[in-house]
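Peer 1: Have a look at this one.
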Amino acid sequence: MKPLSDAALGNLRQLSERPVDDARYTIHEELGRGGMGVVYRAHDRELGRDVALKVVGELLTESGVERLRREARVLSLLEHPGIVPIHDVGVLPDGRAFHVMKRVKGETLKRRIAAGLTRGDALRIFTRICDAVAFANSQGVIHRDLTPNNVMLGAFGEVLVLDWGVARVRHAAMVESVSAGAGEGGTTRDGAVVGTPGYMAPEQAAGAGEADERSDVYALGCILRDLINGSGEMVRPLASVVARATAAQPAARYPDAGALSADITAWLDGLPVSAHRENLMERVARLANRHRVALSLVGVYLLVRFLMLVFLRR
C-alpha cells in the first residue's frame, strides 16, 4: 500500500478536527485554538444568537470530555464581569465534548499591544485583568496560564480573562463543586508542568509544588512588562513593580493580584508605590506632576502679578 503524503495527512487531520453540528448549534468558522481545543463561532438556533463554542481537541476520549466539562464547571462558579460566562455544555454527535460561552467581539491583548497603547490605557486595562484574577483567586481558583493571548478586549471596553482549562482549584468546597459536575477534582499530578513559557512562574516550570496566588502574580507581572514595553519607556517605579511581581521566590512577590493592582492604581493616581523606594528628585517630580494643575494656576497668578507691578511702575 502506498503511504499517504504529508498533504493528505494534513487534510485528514483537518477533517478529523472539523466539528459536526449539534442539534441546537450551527457551527461556523474557527475563532481560535489552544492546547485544550478549538473555539468556533456558532449560532444558537433556539435563542437566535451567535456564541463561542469550544470543542475539545481529543476525539472520543473520556479524559478529554471530563477536562472540558471541568473547565465549564469552573467557569460556572466564577461569576465576574471580567470572566466569560458559560451558557451550555454537551457532546457532539462524533463524541467530542463542547461548551458554549458568550461570544466576545474584539481582539486579544497581544494584538492590541502590537497595535499600540498609551501607557495610561495599558495600565487601566491591566488593573481590570488583576480584578478578575483576584476574584478567581479569592474563590480558590488559580488560572496558571495567564498570557496576553488569554485576555480578550471587547469592542465596548470589556476586558475578559479566558482559557481556564488548566486552572487549579484549591478550596475544598470549590473542589467538591467542580468534582460533582465534572468527574474530577482540582489536582494535577505531581511534577506536571502547566503554563506558557515566558509567563510561567519558576515553580511551575520546575513542576515543584502547587501553584498558588503568587504564581498568577508572576504571570501578571510578565503581562505588565509587555504592556509597559509596548506603550513607552519603562520608568523606575513601574520597573520596580514588575521586578517584585516576577521575583524568582514566591515569598518575595506581591501576596496576591489585588496588592499588585493597588500599586498600579497608586502610580496612576500620582501616589508612591510600595515596590519602589523613591529618592528626593523622584518624589519632587511625582508631587509636581500630581499637582501640575494647581502649580500652573499659581504660576499664571504670579506672572500676572509681576506684569501688573511692571506696568504700574511706568
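Peer 1: Of Glu233, Glu213, which residue is in the same structural domain as Arg119 (by TED's automatic domain parsing) and touching a strand residue (DSSP E or B) at 6+ places or on another chain (Cβ under 8 Å)? Steps first, please.
Peer 2: Numbers: Glu233 fails: touching a strand residue (DSSP E or B) at 6+ places or on another chain (Cβ under 8 Å).
It is Glu213.
Peer 1: Any idea which residue in segment 13-43 is modelled with the highest pLDDT, counting only those that are charged (D, E, K, R) and either assigned by TED's automatic domain parsing to the domain that holds Asn150 or farther than 24 Å from Val151 by Cα (or both)? Let's see the steps before the verdict.
Peer 2: Applying the first criterion (charged (D, E, K, R)) to segment 13-43 yields 13, 17-18, 21-22, 24, 29-30, 33, 41.
Going one step further and asking which of them are either assigned by TED's automatic domain parsing to the domain that holds Asn150 or farther than 24 Å from Val151 by Cα (or both), we end up with 13, 17-18, 21-22, 24.
Working: Arg13: 50, Glu17: 55, Arg18: 59, Asp21: 71, Asp22: 73, Arg24: 89.
So, considering only residues that are charged (D, E, K, R) and either assigned by TED's automatic domain parsing to the domain that holds Asn150 or farther than 24 Å from Val151 by Cα (or both), the one modelled with the highest pLDDT is Arg24.
Peer 1: How many residues, within segment 248-278, are within 19 Å of the chain's Cα centre (by Cα), in a loop (DSSP other than H, G, I, E, B) and surrounded by fewer than 18 Cβ atoms within 10 Å (Cβ to Cβ)? Working first, answer last.
Peer 2: Quick first cut of segment 248-278, residues within 19 Å of the chain's Cα centre (by Cα) only: 253-265.
Subset that is in a loop (DSSP other than H, G, I, E, B): 253-256.
Then keep just the ones that are surrounded by fewer than 18 Cβ atoms within 10 Å (Cβ to Cβ); that gives 255.
Going through segment 248-278 one residue at a time, the tally reaches 1.
Peer 1: Taking the residues in segment 245-282 that are within 23 Å of Thr118 (Cα to Cα) and among the charged types (D, E, K, R) as candidates, determine which candidate is modelled with the highest pLDDT.
Peer 2: Checking each candidate, the answer is Asp263.
Peer 1: Please return the ranges of strands (runs of 3 or more DSSP E) entirely within segment 56-170 where 1 or more residues are surrounded by fewer than 20 Cβ atoms within 10 Å (Cβ to Cβ). It would help to see each step written out before you state the result.
Peer 2: Working: elements: 86-91, 97-102, 106-108, 151-154, 159-161.
Because the criterion is at least 1 residues that are surrounded by fewer than 20 Cβ atoms within 10 Å (Cβ to Cβ), the strands (runs of 3 or more DSSP E) in segment 56-170 that meet it are 86-91, 97-102, 106-108, 151-154.
A quick yes/no check of all residues on (1) closer than 14 Å to Met152 by Cβ; (2) hydrophobic (A, V, I, L, M, F, W, C); (3) over 17 Å from the mean Cα position of the chain (by Cα):
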{"site": "Pro85", "(1), (2), (3)": "yes, no, no"}
{"site": "Val89", "(1), (2), (3)": "no, yes, yes"}
{"site": "Pro93", "(1), (2), (3)": "no, no, yes"}
{"site": "Ala97", "(1), (2), (3)": "no, yes, yes"}
{"site": "Lys105", "(1), (2), (3)": "yes, no, no"}
{"site": "Leu109", "(1), (2), (3)": "yes, yes, no"}
{"site": "Ala114", "(1), (2), (3)": "no, yes, no"}
{"site": "Leu117", "(1), (2), (3)": "no, yes, no"}
{"site": "Ala122", "(1), (2), (3)": "no, yes, no"}
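The values are calculated or read from the model by the stated rules, or taken from the named source; none is laboratory data. As the structure is a prediction and not an experimental result, all values here were calculated from the model. Neighbour counts are summed over all protein chains in view; Cβ atoms, including those assigned to glycine, are modelled from backbone coordinates with ideal geometry.
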